[in-house]
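Working notes, beginning with the structure itself.
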């Protein structure tokens with residue numbers, strides 16, 4: 001596969017002069033990984049016109065050169081990486097250093113200003129704007145994560161039964177993900193049953209599952225650092241007419257959005273594909289979150305599918321499509337798949353399961 005890291009660094013550097021900067025200090029670790037391949041938990045990356053300097057600590061003395069040595073000067077610091085950055089900045093010739101203002105703490109921003117004799121310039125989403133567009137390898141990694149996520153859920157669904165805890169289901173699912181090759185869980189697995197499914201981001205709890213309830217499962221997988229994000233709602237035993245109707249409405253709204261999304265439309269227009277249908281059936285107030293978000297090295301990144309998102313969706317972005325209806329005291333339904341905005345239209349990267357699964361619980 002082609003090595004795109006040097007080209008990525010060049011693209012970011014080429015964008016700096018228009019914003020008044022000569023160099024960029026990258027502190028957000030997903031950005032460091034995208035630009036260099038380094039996957040450690042501590043790093044500072046200084047991008048200048050003539051070099052990329054990656055500063056990390058002794059724990060990564062072997063890993064950093066292996067992952068990033070071909071595209072960055074790797075500097076191993078046994079004490080403080082910030083002290084080493086100060087020494088590096090003493091020898092630079094540029095005048096304006098951009099910092100990642102959207103992720104850098106006030107304390108660390110002040111630290112940079114104190115150690116750099118030139119001007120520091122707060123800049124937000126400088127690297128993220130490029131990360132929105134996924135190359136073939138990135139799409140393949142997200143697809144692989146989506147595939148193993150679907151396989152893991154299919155493995156454990158027949159084992160779910162009334163009387164066990166939400167935590168038990170989450171534990172088996174996470175173990176299945178690991179067995180199938182997921183590097184980590186991109187976020188805390190959500191297993192919410194019955195009335196708890198009315199909380200969109202409910203945490204898995206000791207609550208016991210009961211027959212006749214809906215069970216919402218929101219989980220992720222990670223391959224090559226890239227995330228998949230999937231939500232399924234299933235039924236425990238027989239369901240009533242209202243449960244079927246709400247599920248079908250969410251299903252129809254999600255399918256409409258998955259098929260209708262196109263690059264070039266605004267995030268607001270994408271969101272409306274699902275929201276307008278749900279609102280037309282009287283459930284608009286029960287769909288309170290955005291339709292989706294970008295997906296990549298982070299489980300939540302640009303672009304956004306939301307009623308307030310006016311920016312155009314770029315070709316090549318990967319987004320989640322996750323409409324939901326949540327009714328206090330009753331429960332909730334959410335369906336979520338990952339979609340690549342390809343040149344010929346949207347492409348599902350997850351299995352797109354739509355039929356309501358009724359478990360013999």
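The values are calculated or read from the model by the stated rules, or taken from the named source; none is laboratory data. For clarity, every value in this text was computed on a predicted model and none was experimentally measured. No Cβ is skipped: glycine too gets one built from the backbone with ideal geometry, and neighbour counts run over all protein chains shown.
For every residue, the table says whether it meets (1) at pLDDT below 95; (2) assigned to a helix (DSSP H, G or I); (3) touching a helix residue (DSSP H, G or I) at 6+ places or on another chain (Cβ under 6 Å).
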{"residue": "192", "(1), (2), (3)": "no, no, no"}
{"residue": "195", "(1), (2), (3)": "no, yes, no"}
{"residue": "202", "(1), (2), (3)": "no, no, yes"}
{"residue": "238", "(1), (2), (3)": "yes, no, no"}
{"residue": "242", "(1), (2), (3)": "no, yes, no"}
{"residue": "264", "(1), (2), (3)": "no, no, no"}
{"residue": "273", "(1), (2), (3)": "no, yes, yes"}
Practice prompt. Residues being free of Cβ contacts under 8 Å to residues at least 40 places away in the same chain and either surrounded by 15 or more Cβ atoms within 10 Å (Cβ to Cβ) or in contact with a helix residue (DSSP H, G or I) (Cβ under 6 Å, 6 or more places away or on another chain) (or both): count how many of those fall in the range 119-139.
Written response: 1
Discussion item. So residue 216 ticks every box in (1) part of a helix (DSSP H, G or I); (2) in contact with a strand residue (DSSP E or B) (Cβ under 7 Å, 6 or more places away or on another chain); (3) farther than 30 Å from residue 314 by Cβ but one. Which box is left unticked?
Written reply: (1)
Response to the item:
Checking 64, 11, 72, 49 in turn, the sole residue that is modelled with pLDDT under 95 and in the same structural domain as residue 123 (by TED's automatic domain parsing) turns out to be 49
Worksheet item: Which of the residues that make up the range 1-44 are surrounded by 14 or more Cβ atoms within 10 Å (Cβ to Cβ), assigned to a loop (DSSP other than H, G, I, E, B) and over 24 Å from the mean Cα position of the chain (by Cα)?
Response: 16, 21, 22
Worksheet item: When you scan the range 275-305, how many residues do you find that are closer than 18 Å to residue 230 by Cα and part of a loop (DSSP other than H, G, I, E, B)?
Response: 10
Worksheet, complete the sentence: Per the filter on the range 15-31, residues within 18 Å of residue 111 (Cβ to Cβ) and in contact with a strand residue (DSSP E or B) (Cβ under 7 Å, 6 or more places away or on another chain) are 23, 24, 25, 26, 27, 28
Fill in: One residue from 257, 162, 192, 228 being touching a strand residue (DSSP E or B) at 6+ places or on another chain (Cβ under 7 Å), touching a residue at least 60 places away in the same chain (Cβ under 8 Å), crowded, with 23+ Cβ neighbours inside 10 Å and within 18 Å of residue 331 (Cα to Cα)
192
Discussion item. Against the condition outside the structural domain of residue 41 (by TED's automatic domain parsing) and surrounded by 13 or more Cβ atoms within 10 Å (Cβ to Cβ), how does residue 142 come out, does it pass?
Written reply: yes
Discussion item. Quick check on residue 113: is it in a helix (DSSP H, G or I) and in contact with a strand residue (DSSP E or B) (Cβ under 6 Å, 6 or more places away or on another chain)?
Written reply: yes
Discussion item. Given the criteria in contact (Cβ under 8 Å) with a residue 60 or more places away in the chain and either buried (at least 20 other Cβ atoms within 10 Å of the Cβ) or over 23 Å from residue 147 (Cβ atoms) (or both), does residue 310 qualify?
Written reply: no
Worksheet item: touching a residue at least 60 places away in the same chain (Cβ under 8 Å) and surrounded by 15 or more Cβ atoms within 10 Å (Cβ to Cβ): does that describe residue 217?
Response: yes
